[in-house]
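Inspection log for the structure reproduced underneath, given as structure tokens.
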Amino acid sequence: MRGLVVPLLLAQLATAAANIALAGCDSKCGDVDVPYPFGTTYGCHRTGFKVTCDRGYQPPRLFLQSDGPEVLAISVRATA
């Protein structure tokens with residue numbers, strides 16, 4: 001049983017880590033989680049992963065770049 005618990009725990013930790021923004025960066029836009037490598041401000045995303053949180057909407061809406069399609073969810077595959 002112990003052999004099954006460790007891989008499951010590692011998978012859960014990797015998944016939890018994938019859902020975290022960098023320190024000091026927004027991790028949500030409205031109801032959408034914004035995990036790294038995505039981010040809404042300078043220094044919070046990798047090149048090509050910038051998304052825009054438009055707070056003019058209630059709740060705020062997330063978009064690709066500033067004029068792209070709306071992002072409804074982000075899923076990041078964790079690698080161990």
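Quick rundown of the values:
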quantity: Whole-Hz ³J(HN,Hα) from phi, Karplus 6.51 cos²θ - 1.76 cosθ + 1.60, for region 31-48, glycine and proline x; calculated: 9, 9, 6, 10, x, 5, x, 7, x, 9, 10, 4, x, 10, 9, 7, 4, x
quantity: Amide hydrogen neighbours beyond the local backbone of residue 74, cut-off 5 Å, H modeled; calculated: 33
quantity: Per-residue HN-Hα couplings for region 51-67 [Karplus 6.51, -1.76, 1.60; θ = phi - 60°; Hz; x = Gly/Pro]; calculated: 10, 10, 9, 8, 7, x, 9, 10, x, x, 10, 9, 10, 6, 6, 10, 10
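Any read-out appearing in this document is the output of simple, stated calculations on the displayed coordinates, not a laboratory observation. This is a predicted model, so every value here is computed, not measured.
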